[in-house]
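Have a look at the structure below, then the notes.
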């Protein structure tokens, strides 16, 4: 019996009932069979490796990283089932499933085992970068292997002095006579930068050519494979693994590029732009990780609460399981509310992404608006929900053997990587609101007033216009100071609206309405520093 | 250079300016010298052992626990300085300092090294239990040693099936011909149940005599020393150490009592009542731990933010340290606000405790009201603030070597032990509000309206009366369901009122008022499920 059961029916209800997902080849029953198949692998194979992976971690010896016991075999099973190919272009061996379905499937990998799930997540970024910006030759060479999962991809961005600020990157790329580049420098925090699960690793690396313009305008993107075509090893080595708070089974590598052979993607000095097209979808995926790990924690807490007998019923005076205590019900209900609002928002982004991919420009704008909101709010939510779950376990929650503490530790990376949540808030306020003159946001907010009180939508609209006003007065620091509050309020209201719609389709309703009782009042509170009380 | 500088001036300002603390022998300068002396030991001796202690942990071998390197020597220094005796009765070697000052001093031990600070914290509980309920002989025998710190005390409550619900305790105590008791059973989660820092350990143990009434009415409290007077070892052994999320250097022991000799405290079957008198002050101390570890995390984040260069100024376009970015300022300001509100509330409880100890009954009621609020709100705050501090570190925060992740892990125990925060909320709603007919609470809320808007106080008063109404209608589950929300709102409003007073004495005010801009609106949001919008 696995302790993880992916919430297939909730996903289907969100997609088909709440979000109006439609697809010529995929009706609800077809989607259900696909999701149930994925759920089997997630719960039977990946979930049991989560806690053992945490304890074993991954090991570095002589530049080679050995992943935790069982990971290699599970990865093979995952690839053989065709799961790695789910959202990709059939031209390169992909299954071409819509993002809406791919997100549901990916939630399962992340919920079952986030350390494992990071490998395909990064790989997906590499596939997108090469698909969008690579040459035909590069596509033919790398995509089939990456799509099948025989090779995996990485993102090499961060350097010790360049985290959120990629303009400070110092890694060098010197052009050679044969048109290739010689890459030198050190990269840190490289997820699955080295491991033993795939035959080759395709590093996407940001570096600077000798005559490049300064700062962000002089960064280029390169493909640096671990093994060359002739099987020789390229000059890129893992020289260290980080000792981290969580995701112990995911190797976080320090990578040394010592004159490694690299292949330019697209044009020189366009690297940051390319990297961002790939990072945007990764940001949605990280939000999805938040939903996933929160769901896992919720399921564990619920199971524990239903078996732990402690304290008495007010009504009967008999001892009861703690799930029957009103305060524990509140905790379980709070978790469920936050998770479902987060999942709804993430799947709304996924459904919209499918529309955007098929050329709908308004949809593209909407995905861009939702991306920082999903990333930031769902990852903060993951920290909060895993903490509540741990609390349900009481003293046992603080003991590592119950496994809930691991989820609490693992979740804490989510507000940090793929752009910290502070960066997301700035992205929302400046790029997605101010730069867009509030158009996409105001239209979106307007659309919410069908399901939630007009006053809440009005508050958010006023706050949006206030940001635009401040921008016109060049009060940029003032916008930055409230950007996190604005994002949080946006997420609470948008999530609340979706949740209100979802509730219409659910039979068991909570004792008090979480939308008007919890989400919206806190959203109003978040907006006070912007628009007053 | 230590990375921990106890906030002596903030403590003095709170005590003497905000809370009107007065003492015939201790003026502000005297208090300052005492606090500065304590601060030296905290920052120079205890703080450097915090991270090394986390890495080394404590070790169990053949029933003996060895604490982390340096702990034993630091404990000797701490006792030799007379610090263990600070709040205790001079009749038994105590220094007789008021709780107001003792709390400030104790914040420093906990901020410097929470794993270390737990040993004196538990010892203090034992001193109080024996002082209040022990026989004269027991007082003469144990108190001088416990007050000096030569011996340490423990609290043995929890059993695998009896956590929050102590009525389920099964440990047995059989009376012997000589008037002593033979104690048998297993206790879990016993902090410093075994260690090498003191000559003897005095266990206070809850157990049940053979003919005792069922449930909570049949529990008695016993003294079970590790070593008997003649130096022989008593039959109590540490048989396991827990592998925990945090506080690694604090040994959390499973204790086996195998016919150990025990001495009854007070009368049979009164054990739970005795234990609660001692646990109440321990609850305030746990709240204080929350303030302490949050302060430590804040200082670390602030120092990092002032040296980490990343991103550019909107104004100059130059690269700046992250402390100058508006969103990081928001994070630092949020931390400071929450910590100072928490410290103010905790010290208000301490000042009131001094009045209560000298016989003021209204003060006693007020301390009882404030205890669950302080415990719960300051410990939730600690989790939140250590998380924000970690976020300020970005990717480096997730790496264990920076030490901030340790504070995040350590803090997570605080909402759990000494009564989970759910138990605190129930204690507030039922024992402190309903049972008191709201008198103490409503008078206290009324007193807040000098400093914060009357409408906020009015909301809290209406919520209080709503709880009383529901109680009169026997809607106990309904009260329990909102008790955590009620507690949180109470803490935000009471903390906000104290903070508003504190701000009057501070020169550097934050850009927007945190009380009206953040604390009060969220308090209003918390009250919505009780009183509507």
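What's the whole-number percent of alpha carbon pairs in chain B lying beyond 39 angstrom? Don't skip to the answer; put the middle values down first.
Numbers: 35447 of 141778 pairs.
Of all Cα-Cα pairs in chain B, 25 percent lie more than 39 Å apart.
To the nearest 500 deg cm²/dmol, what mean residue ellipticity at 222 nm is calculated for chain B from DSSP H runs of n ≥ 4 alone, each contributing -39,500 (n - 2.57), summed and divided by the residues?
Computed ellipticity for chain B at 222 nm equals -16500 deg cm²/dmol.
What is the calculated FRET efficiency for residue A:458 to residue B:475, with r their C-beta to C-beta distance and R₀ = 45 Å, to the nearest 0.05?
Computed FRET efficiency for residue A:458 and residue B:475 comes out at 0.85.
In A, who owns the beta-carbon nearest the axis carrying A over to B, and how many Å from it?
Result for the A and B rotation: A:525, 2.
Say a label goes 7 Å from Cα toward Cβ at residue A:135 in every copy; what distances in nm does this one have to the rest, shortest first?
The projected label point of residue A:135 is separated from its counterparts by 9.4 nm.
Taking a cut-off of 17 Å, what percent of all Cα-Cα pairs in the stretch B:152-273 are separated by more than that? Don't skip to the end; give the middle numbers.
Working: 3918 of 7381 pairs.
Result: 53 percent of Cα pairs exceed 17 Å.
Tell me the angle of helix B:99-112 to the major Cα principal axis of chain B, expressed in degrees between 0 and 90 and rounded to the nearest ten.
The two axes meet at around 80 degrees.
Helix B:361-392: angle to the longest alpha-carbon principal axis of chain B, degrees 0 to 90, nearest 10?
Approximately 60 degrees, to the nearest ten.
List, shortest first and in nm to one decimal, how far the label point of residue B:465 (7 Å from Cα along Cα→Cβ) is from its counterparts in the other copies.
3.8
Show me the ranking of peptides B:523-532, B:57-66 by mean Cβ neighbours inside 10 Å, starting with the highest. Intermediate values should be presented prior to the final figure.
Numbers: B:523-532: 22.0, B:57-66: 14.4.
My ranking of the peptides, most packed first, is B:523-532, B:57-66.
Need the C-alpha centroid separation for the stretch A:392-462 versus the stretch B:54-132, integer Å.
Cα centres, the stretch A:392-462 to the stretch B:54-132: 42 Å.
Taking the simple approach of a point 7 Å from Cα along Cα-to-Cβ for both residue A:40 and residue B:76, what is their distance in nm?
It is 6.6 nm.
Please compute the Kirkwood hydrodynamic radius of the stretch A:279-531 from all pairs of different C-alpha atoms, in Å with one decimal.
Here the Kirkwood hydrodynamic radius works out to 19.0 Å.
Show me the ranking of peptides A:114-126, B:378-390 by mean Cβ neighbours inside 10 Å, starting with the highest.
Averaged packing, sorted descending, gives the order B:378-390, A:114-126.
I'd like to compare B:200-212, B:247-259, A:176-188: which one has the highest average count of other Cβ atoms within 10 Å, and what's the full order after that?
Details: B:200-212: 21.0, B:247-259: 22.7, A:176-188: 16.8.
So the peptides B:200-212, B:247-259, A:176-188, ranked by packing, come out B:247-259, B:200-212, A:176-188.
Averaged across orientations, what area in nm² does the convex hull of the alpha carbons in the stretch B:8-148 project?
Working: hull surface 39.2 nm².
The number I arrive at for the stretch B:8-148 is 9.8 nm².
Cα extents of the stretch B:420-533 along the three principal axes, largest first, in whole Å?
Sorted from largest, the Cα extents of the stretch B:420-533 read 49, 28, 22 Å.
Quantify how strongly other chains surround peptide A:277-288 by giving the mean number of their Cβ atoms within 10 Å of each of its Cβ atoms. Mind showing how you got there, number by number?
Numbers: counts 0, 0, 0, 0, 0, 0, 0, 0, 0, 0, 0, 0.
If you average over the peptide's residues, the count of other-chain Cβ atoms is 0.
Can you give the average number of partner chain beta-carbon atoms within 10 Å of each beta-carbon in peptide A:56-67, as a whole number?
On the way: counts 0, 0, 0, 0, 0, 0, 0, 0, 0, 0, 0, 0.
Whole-number average of other-chain Cβ neighbours for A:56-67 is 0.
Taking 37 °C and 0.692 mPa s as the conditions, I'd like the Stokes-Einstein D for the stretch B:283-354 in µm²/s, using the Kirkwood hydrodynamic radius from alpha carbon pairs. Mind showing how you got there, number by number?
On the way: Rh = 13.8 Å.
This corresponds to a translational diffusion coefficient of 239 µm²/s.
Please find the FRET efficiency linking residue A:91 to residue A:178, where r is the Cβ-Cβ separation and R0 is fixed at 25 Å, and quote it to the nearest 0.05.
Numbers: r = 29 Å, r/R0 = 1.14.
About 0.30, to the nearest 0.05.
Give the span of the stretch B:259-311's Cα atoms along each principal axis, as three whole-Å numbers ordered largest to smallest.
Principal extents (largest minus smallest coordinate, Cα): 67, 24, 12 Å.
Run the simple label-point estimate for residue B:23 and residue B:435 please: 7 Å along Cα→C-beta, distance reported in nm.
3.0
At residue B:199, label 7 Å along Cα→Cβ: distances to the other copies, nm, ascending?
The projected label point of residue B:199 is separated from its counterparts by 7.3 nm.
Pairs of Cα atoms under 8 Å, at least six residues apart: use those to get the relative contact order of chain B, whole percent.
Details: 969 pairs, mean separation 69.2, N = 533.
So the answer I get is 13 percent.
Run the simple label-point estimate for residue B:507 and residue B:232 please: 7 Å along Cα→C-beta, distance reported in nm.
For the pair residue B:507/residue B:232, the computed spacing is 6.7 nm.
Give me the Å³ per residue figure for the convex hull around the C-alpha atoms of the protein assembly as shown. Could you put the intermediate results ahead of the total?
On the way: hull volume 175.8 nm³, N = 1066.
Each residue corresponds to 165 Å³ of Cα convex hull volume.
Would you mind calculating the relative contact order of the stretch B:356-438 from Cα pairs under 8 angstrom and at least 6 residues apart, reporting the percent as a whole number? Walk me through the numbers before you get to the answer.
Details: 55 pairs, mean separation 28.9, N = 83.
Reported relative contact order: 35 percent.
What angle, in degrees between 0 and 90 and rounded to the nearest 10, separates the Cα long axis of helix B:71-80 from the longest principal axis of the Cα atoms of chain B?
90
Quote the FRET efficiency, to the nearest 0.05, computed for residue A:211 versus residue A:61 with a Förster distance R0 of 60 Å and r equal to the Cβ-Cβ distance.
Details: r = 40 Å, r/R0 = 0.66.
That pair, residue A:211 with residue A:61, gives E of 0.90.
Which semi-axis lengths, in whole Å and largest first, follow from the square roots of five times the eigenvalues of the Cα gyration tensor of the stretch A:408-465? Don't skip to the answer; put the middle values down first.
Working: eigenvalues 146, 53, 14 Å².
Equivalent-ellipsoid dimensions as semi-axes: 27, 16, 8 Å.
Taken together, the values in this text are just the output of simple stated rules run on the coordinates, not laboratory data. In this text, all values refer to a predicted model and were calculated from it rather than measured experimentally. Methodologically, a virtual Cβ is constructed for each residue, glycine included, from the backbone with ideal geometry; neighbour enumeration extends over all protein chains shown.
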